[in-house]
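J.: Take this structure, written in C-alpha cells, and hold onto it; I'll ask about it next.
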Amino acid sequence: MFEQRRGRTVVAHQYAEPPFRVAPMFDLQGAAYAIVVCAGPGVFGGDRLTQSIHVGRGARVVLTSQAALQIHPAADAPVPAVLRYAYRVDGDGELHCHWDPVIPFTGARVDQRFDLQIADDSRLYWSDAVMAGRVSRGEAWRFAALAHELVLRVGARPAYLERYAIVPDDRRVQRTWMAGPATHLATTLVRHSALTRETVEDGHRCLAAITDLAAAGDLVEPALAVARMIGADGASFARGRASYRAWALASIFGRPELAGRK
C-alpha cells in the first residue's frame, strides 16, 4: 500500500512471502521507485503466485522487475504456473509499471492474468512483455502453453481487454499473419488526460523509427493509448520499448526522470 505524505509517496504497508521480495524504495522527486524481485531460479509448473499493489490517493509509484521471469515445466505433471496480479490506483494516483519479459522454457505452461483498476482521474503507464522461450538457445515456441489476460478498468467500466492463448503444438505460431519470425511481443498502455491523436501519432513515429520492429500505437478512446509491438531481435525490441517509454514520460507525463534505473 502506497500513500502520499508531505509531498512524497511512501510505503504505508507491505508484506511479501518467498519467492517475492520488495527491494528498498527510492525517491524519484516525490515518486516511490521499487524493484519487485522474484528470487530463486524462477517459477515452476504447479506454483501459484499472487501480487497485489494499491496506490492511494495522490500517490505516485514506479515499479519494475529485477530481471526476466523464467517459467519452468513441472517435474511430474502437465500443470501450469498460475500468476495473478492485481493493481488498484485511487483518485489522482499514478502508477508506472515496466516489466521484463516472461520467458517460458521448453515444456512449460503458464497462465497469467493482470487486473488493473484505476480511478477516472488517475494516470497509468503499463508495459508487459513475453518471449517465445530461450531464443538464443534455439528454443523458440517450444513451451507447452501460454494463457494471457490483461484487463484495464477505469472507474466502473472496462476500458481495455487483451486475451490470448498460445499452444505451439496445436498451431504453428511462426506462420505468416501470426508471429512469423517474431519471438518477442509486448503491450503498452498509457492513460493520461494529456493524450491526443496528435501526441499519440508522435509516439507511433517513435516506434516506426526502430528497425527490425513491427509496432503500432493508437488512441483507442479519449485519454487511453495502446501500443503493440513484436520483434525477432531482442536488442531492437528493447529499444522500441525504451523509446516509447521515454516518449510517454517526456511528452505525456512531463517526468522523464521516472524511468529510473536498476
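Just so it is clear, none of the values below were taken in a lab; they were calculated from the coordinates. Bear in mind the structure is a predicted one, so any value in this text is a computation, not a measurement. Cβ: placed from backbone, ideal geometry, glycine included. Neighbour counts: every protein chain shown.
J.: Run down Leu249, Leu258 and say which single residue is assigned to a helix (DSSP H, G or I), buried (at least 19 other Cβ atoms within 10 Å of the Cβ) and in contact with a Pro (Cβ under 7 Å, 6 or more places away or on another chain).
T.: Values: Leu258 fails: in contact with a Pro (Cβ under 7 Å, 6 or more places away or on another chain).
Answer to the check: Leu249.
J.: Quick one: in region 27-49, which of the residues that are loosely packed, with under 13 Cβ neighbours inside 10 Å and charged (D, E, K, R) is nearest to Cys97 (Cα to Cα)?
T.: Of all residues in region 27-49, those loosely packed, with under 13 Cβ neighbours inside 10 Å come to 27, 29, 39-41, 48.
Narrowing the set further to residues that are charged (D, E, K, R) leaves 27, 48.
On the way: Asp27: 16, Arg48: 21 Å.
This residue is Asp27.
J.: Suppose we keep only residues that are of a type in the set (A, V, I, L, M, F, W, C) and surrounded by 18 or more Cβ atoms within 10 Å (Cβ to Cβ) within region 174-200. Which one would you say is farthest from Gly234 (Cα to Cα)? Step through it out loud before you land on a result.
T.: Taking region 174-200 first, the residues of a type in the set (A, V, I, L, M, F, W, C) are 177-179, 182, 185-186, 189-190, 194-195, 200.
Going one step further and asking which of them are surrounded by 18 or more Cβ atoms within 10 Å (Cβ to Cβ), we end up with 179, 182, 185-186, 189-190, 195, 200.
Values: Ala179: 15, Ala182: 10, Leu185: 10, Ala186: 12, Leu189: 21, Val190: 23, Leu195: 29, Val200: 24 Å.
Only one residue tops the list, namely Leu195.
J.: For region 156-172, which residues satisfy the criterion of being part of a loop (DSSP other than H, G, I, E, B) and either within 21 Å of the chain's Cα centre (by Cα) or surrounded by 15 or more Cβ atoms within 10 Å (Cβ to Cβ) (or both)?
T.: Keep residues of region 156-172 that are part of a loop (DSSP other than H, G, I, E, B), which gives 156, 167-172.
Scanning region 156-172 gives a single hit, Pro168.
J.: When region 117-135 is examined, which residues are found to be without any contact (Cβ under 8 Å) to a residue 60 or more places away in the chain and part of a strand (DSSP E or B)?
T.: Gln117, Asp128, Val130
J.: When you go through Val173, Val220 one by one, which is the residue that is aliphatic (A, V, I, L, M), farther than 18 Å from Pro104 by Cβ and touching a Phe, Trp or Tyr at 6+ places or on another chain (Cβ under 8 Å)? Full working, then the answer.
T.: Values: Val173 fails: farther than 18 Å from Pro104 by Cβ.
Answer to the check: Val220.
J.: From the list Arg113, Arg88, Arg84, Arg57, exactly one residue is under 28 Å from Tyr160 (Cα atoms) and assigned to a loop (DSSP other than H, G, I, E, B). Which is it?
T.: Values: Arg113 fails: assigned to a loop (DSSP other than H, G, I, E, B); Arg88 fails: assigned to a loop (DSSP other than H, G, I, E, B); Arg84 fails: assigned to a loop (DSSP other than H, G, I, E, B).
Step by step, each of Arg113, Arg88, Arg84, Arg57 is checked, and only Arg57 is under 28 Å from Tyr160 (Cα atoms) and assigned to a loop (DSSP other than H, G, I, E, B).
J.: Same structure, new question: So, Ala225, is that one surrounded by 14 or more Cβ atoms within 10 Å (Cβ to Cβ) and out of contact with any Lys or Arg (no Cβ under 7 Å at 6 or more places or on another chain) or not? Break it down stepwise before answering.
T.: Values: surrounded by 14 or more Cβ atoms within 10 Å (Cβ to Cβ): yes; out of contact with any Lys or Arg (no Cβ under 7 Å at 6 or more places or on another chain): yes.
Yes: the conditions hold for Ala225.
J.: Taking the condition of being under 17 Å from Ala179 (Cα atoms), in a strand (DSSP E or B) and not β-branched (Val, Ile, Thr), how many residues in region 194-231 meet it?
T.: 8
J.: Which condition number does Val110 fail, the rest of (1) in contact (Cβ under 8 Å) with a residue 60 or more places away in the chain; (2) within 12 Å of the chain's Cα centre (by Cα); (3) buried (at least 18 other Cβ atoms within 10 Å of the Cβ) being met?
T.: Checking Val110 against (1) in contact (Cβ under 8 Å) with a residue 60 or more places away in the chain; (2) within 12 Å of the chain's Cα centre (by Cα); (3) buried (at least 18 other Cβ atoms within 10 Å of the Cβ), the one that fails is (2).
J.: Is it true that some residue in region 62-80 is part of a loop (DSSP other than H, G, I, E, B), over 12 Å from the mean Cα position of the chain (by Cα), of a type in the set (Val, Ile, Thr) and within 26 Å of Gly231 (Cβ to Cβ)? I'd like the intermediate steps shown before the answer.
T.: Within region 62-80, the subset part of a loop (DSSP other than H, G, I, E, B) is 66-68, 73-80.
Keeping just the survivors that are over 12 Å from the mean Cα position of the chain (by Cα) gives 66-67, 73-80.
Checking which are of a type in the set (Val, Ile, Thr) leaves us with 79.
Filter once more, so that each one left must be within 26 Å of Gly231 (Cβ to Cβ): none.
No, every residue in region 62-80 fails to be part of a loop (DSSP other than H, G, I, E, B), over 12 Å from the mean Cα position of the chain (by Cα), of a type in the set (Val, Ile, Thr) and within 26 Å of Gly231 (Cβ to Cβ).
J.: Which one of Val89, Val11, Val43, Val55 is within 25 Å of Ala238 (Cβ to Cβ) and not aromatic (Phe, Trp, Tyr)?
T.: Details: Val89 fails: within 25 Å of Ala238 (Cβ to Cβ); Val11 fails: within 25 Å of Ala238 (Cβ to Cβ); Val55 fails: within 25 Å of Ala238 (Cβ to Cβ).
When all the criteria are applied, what remains is Val43.
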